[in-house]
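The values are calculated or read from the model by the stated rules, or taken from the named source; none is laboratory data. Keep in mind the model is a prediction, meaning the values are calculated, not measured. Here the Cβ positions follow ideal geometry from the backbone for every residue, glycine too, while neighbour counts run over all protein chains shown. Quick note on the areas: whole protein, heavy atoms, side chains included, nothing else; ligands and nucleic acids left out. Shrake-Rupley method; radii C 1.70, N 1.55, O 1.52, S 1.80 Å.
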Amino acid sequence: MKYSIDKKETYTIITIDEKKLDTTVAPDLKSEFVKLNAEGINNLILDLSNVKYTDSSGLSSILIANRLCNSTGGLLVLTGLQDHVMKLVTISKLESVLHILPTVEEGIDRIFLHAIERDLTSKE
């Protein structure tokens, strides 16, 4: 699987450099999510702007990342969804479960907002 990881202090950006997120790629991606979570990374931005197609196994890997981030108080943000990928998310009725934004920059802003909201609720 071709991808890049850009680790920052409060979030990590994973850019998938594949046209398809399917059964040939999804297991490697799941493993990467588990490894990053074990390292203590709980805020992920998954840049899917290069992905033109995904199937249920690709969607499953995204849901695993979402569960891992949520379980540690973090956030998964998906960015750059192409039409086919967005259509599958919509058909699966996951647009209310997943945080989807057009750009990585908006994803970064959402993660910072999530941290502020979490801090405010923990002080109450």
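Points worth noting:
- Solvent-accessible area per residue, Å², over the chain with all protein chains present [probe radius 1.4 Å]: 54 Å²
- Here segment 3-122 has 55 percent of its accessible surface on carbon and sulfur atoms, given a 1.4 Å probe and all protein chains in place.
- For the chain, the membrane-span-like helices by this rule, meaning whole DSSP H stretches whose C-alpha atoms cover at least 20 Å of axis and whose Kyte-Doolittle mean is 0.5 or above, are 56-71; this says nothing about an actual membrane.
- Inter-label distance, Ser96 to Thr72: 2.9 nm, where each label sits 7 Å from its Cα along the C-beta direction.
- Extension gain, Leu63-Lys35: 0.36 nm per intervening residue step, less the Cα-Cα distance, totals 8.5 nm.
- Beta bridges per DSSP with both ends in the chain, % antiparallel, nearest 5: 25 percent
- CD proxy at 222 nm, helix term only [per DSSP H run n ≥ 4: -39500 (n - 2.57); per residue of the chain; nearest 500]: -15000 deg cm²/dmol
- Highest mean first, the peptides 80-87, 58-65 sorted by other C-beta atoms within 10 Å per residue fall in the order 58-65, 80-87.
- If the segment from Asp6 to Leu120 were pulled out straight at 0.36 nm per residue, it would be longer than the present Cα-Cα gap by 38.3 nm.
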